[in-house]
1. Select from segment 47-62 the residues that are open to solvent by 40 Å² or more (accessible area, probe 1.4 Å) and not hydrophobic (A, V, I, L, M, F, W, C) and write down the one among them that is nearest to Ile90 (Cα to Cα).
2. Could you figure out which of (1) open to solvent by less than 40 Å² (accessible area, probe 1.4 Å); (2) more than 16 Å from the ligand (Cβ to nearest atom); (3) hydrophobic (A, V, I, L, M, F, W, C) isn't true of Phe175?
3. So how many residues does segment 225-248 have that are in contact with a Leu (Cβ under 9 Å, 6 or more places away or on another chain), open to solvent by less than 40 Å² (accessible area, probe 1.4 Å) and at pLDDT 95 or above?
4. Restricting the search to segment 1-10, which residues are open to solvent by less than 60 Å² (accessible area, probe 1.4 Å) and within 12 Å of the ligand (Cβ to nearest atom)?
5. In this structure, does Arg153 turn out to be among the charged types (D, E, K, R) and in contact with a Leu (Cβ under 7 Å, 6 or more places away or on another chain)?
6. Between residues in segment 33-56 that are more than 20 Å from Ser13 (Cβ to Cβ) and residues that are aliphatic (A, V, I, L, M) and surrounded by fewer than 16 Cβ atoms within 10 Å (Cβ to Cβ), which pairs lie under 8 Å by C-beta distance while being six or more apart or on different chains?
7. Could you count how many residues in segment 1-17 are part of a helix (DSSP H, G or I) and farther than 14 Å from Leu97 by Cα?
8. In segment 23-36, which residues are modelled with pLDDT of 95 or more and among the charged types (D, E, K, R)?
Amino acid sequence: MHILILGGTTEASELAALIAKRPDIRATLSLAGRTQNPVLPPIPHRIGGFGGVDGLAGWMREHQVTAVIDATHPFARRMPFNVAQAADVIGVPRLTLLRPQWQPQGGDQWIEVETHEQAITALGSKPQRVFLTVGRLELEAYAAAPQHWYLARSIDPVENSQLRNVMWLTDRPPFTLEGERSLMHEHNITTLITKSSGGDATAAKLVAARELGVPVILIARPNRPVGEQVATASEALDWLRCTHGISS
Ligand code: NAP
C-alpha cells in the first residue's frame with residue numbers, strides 16, 4: 001500500500017496526523033512549495049510540482065501508489081484535474097477531501113462573485129476601506145481599483161506589487177474572532193473581500209464582519225472533477241479502510 005496525498009491544506013495536515021499514528025498505512029504528502037516556511041507533516045513528504053499529468057502519473061507508477069487523495073485547496077485550479085487524469089491512467093482509486101463551504105447566517109451581507117474583476121465592480125467607484133484576504137498571488141488584480149484603501153493580509157510577504165494605497169500584513173491562520181474584530185474596527189474597514197475557502201481557521205473574519213455590519217464580497221470556488229468526496233480527515237481514513245481493507 002502507498003497512499004499519495006496532495007496537500008497544502010489544514011485537512012491534508014489533519015489526515016497526515018491521523019496516518020502518523022497508523023504504522024499499517026504508508027503514505028506520502030505532496031506540497032506544491034508555494035509557502036516559504038511550510039509546516040512539515042509527521043509522515044514522509046515531497047515538495048514541488050510533478051510536471052503535469054504525465055509527471056504525476058510517472059511518479060505514482062514509480063512509487064507504486066495504490067490510492068490518491070486530493071486534499072488541495074478549494075481554489076487550486078489545475079491539480080484536482082491532473083490528479084483525476086493521473087488516477088485514471090494508473091487505474092487507482094481517487095478521493096477528494098474538501099472542506100464544506102461557509103454558509104450565510106442572519107445579519108450577513110454577502111455578495112457572491114465569480115472573479116476578482118467582478119469583485120472590483122461590486123466595490124464600486126466610491127472609495128472603500130477594504131480588508132483583502134484573497135492570498136498573496138491574487139492581490140494584484142486590485143491594482144486596477146486604486147481609489148480604494150486596502151489592508152492586504154497574506155502568509156508570506158508580498159514583493160514587487162503594483163497595488164497602491166495599501167497596508168501589508170503577514171500572518172498565518174488560525175485567526176481569532178477577537179483579533180479579526182479589533183483589526184477591522186481599528187482600520188475602519190468598510191468591505192471584506194475573501195475567497196469562499198470554508199473551514200474554521202479563517203472563518204472568524206466573517207463573524208466579525210457580521211457583528212460590525214461590514215459587507216463581504218465572496219469569490220466563488222472553481223469547479224472540481226466529479227468523484228467520491230468527503231469533508232473531513234477522519235472520513236478520508238474511513239475511505240482508506242474500505243479501499244484497502246485495513247482495520248479500524
Ligand atoms: P493549482 O493551480 O491546482 O496547481 C498549479 C500547479 O502547482 C500544479 O499543476 C502542480 O504542478 C503544482 N501543485 C499544486 N498542488 C501541488 C501539490 N500538492 N503537490 C505538488 N505540486 C502541486 O494550485 P495553486 O492554486 O497553484 O495552489 C498550489 C498549492 O497551494 C496547492 O497545494 C493548494 O492546495 C495550496 N493552496 C492554494 C490556495 C489557493 O487559493 N489557490 C490557497 C491555499 C493553499 P505540476 O503540474 O508541475 O505537477
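1. Here the answer is Arg61.
2. All conditions are met except number (2).
3. 7
4. Initial filter on segment 1-10 (open to solvent by less than 60 Å² (accessible area, probe 1.4 Å)): 2-9.
Within segment 1-10, Leu4, Ile5, Leu6, Gly7, Gly8, Thr9 qualify.
5. Values: among the charged types (D, E, K, R): yes; in contact with a Leu (Cβ under 7 Å, 6 or more places away or on another chain): yes.
Yes; evaluated as a whole, the condition is true for this residue.
6. Pairs found: Val53/Val89.
7. 1
8. Matches in segment 23-36: Arg26 only.
The values are calculated or read from the model by the stated rules, or taken from the named source; none is laboratory data. Keep in mind the model is a prediction, meaning the values are calculated, not measured. In this analysis, Cβ positions are derived from the backbone assuming ideal geometry, glycine residues included, and neighbour counts consider all displayed protein chains. In case anyone asks, the SASA skips ligands and DNA or RNA and just uses the protein heavy atoms, side chains included. Shrake-Rupley method; radii C 1.70, N 1.55, O 1.52, S 1.80 Å.
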